[in-house]
Amino acid sequence: MASNEIKTWRYLRLAIVTLVLGLAAAVIWEWHLAPHECLQQSISAYFYTPARGMFTGALIGIGVCLICIRGTTNAEDTALNLAGIFAPLVANTTGWMFTEVGRQPWVVQGLLKTTDGVSPLASSTLWASLIIFTLLYAVLAVVELWLVLRVVRGGPEPAPEPVGSSRSGDPLLPSLAY
């Protein structure tokens, strides 16, 4: 019989394959419901469709699985952890980007034209805003990475001391139960 580590590794790999197959099924189902000429240019473009939930959920689930899988070398383990950390970030960012790019919520069809909705701000103000937000997100990414590495380097917490023993003599460990 396989050890628990091998079983866990197999289940995580199976979970990743299942999530990818689920995403493929959601895209195929969406394609089936829409006109057959309505194929998107990329998998990310399906974020506009009802496949959005499966797209985001699959990326988050795959990210969790990648963090749980241990690589055979330190470099591989680090790469898996970084991919797992950034997969939900990609899911969230692409979702926001594909939802907002091209939208003009201030424009009302037939009543307010795009030319009437143009901002009077100078392009230098917009560039400054873009640069500031980019730097802010870069700093937050570095802080997040530093915090994750600090926790990982600390190693696991020591096992708690037994608080007693059961009737069969097994040690009773403190636990949080609801």
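Annotations
- Condition check for Ala79: among the small types (Gly, Ala, Ser) and modelled with pLDDT of 80 or more: yes
- Screening the stretch 132-178 for residues that are among the β-branched types (Val, Ile, Thr) and not in a loop (DSSP other than H, G, I, E, B) and picking the one that is surrounded by the most Cβ atoms within 10 Å (Cβ to Cβ) gives Val148.
- Residue in the stretch 111-126 that is surrounded by 10 or more Cβ atoms within 10 Å (Cβ to Cβ), at pLDDT below 85, over 30 Å from Val20 (Cα atoms) and within 33 Å of the chain's Cα centre (by Cα) present: no
- Evaluation of Gly71 against the conditions (1) modelled with pLDDT of 80 or more; (2) assigned to a helix (DSSP H, G or I) shows that the sole unmet condition is (2).
- Scanning the stretch 70-88 for residues that are within 17 Å of the chain's Cα centre (by Cα) and aliphatic (A, V, I, L, M) turns up Ala79, Leu80, Leu82, Ala83, Ile85, Ala87.
The values are calculated or read from the model by the stated rules, or taken from the named source; none is laboratory data. Not measured: the values here are computed from a predicted model. So basically every Cβ, Gly included, is an ideal-geometry build from the backbone, and we count neighbours across all protein chains shown.
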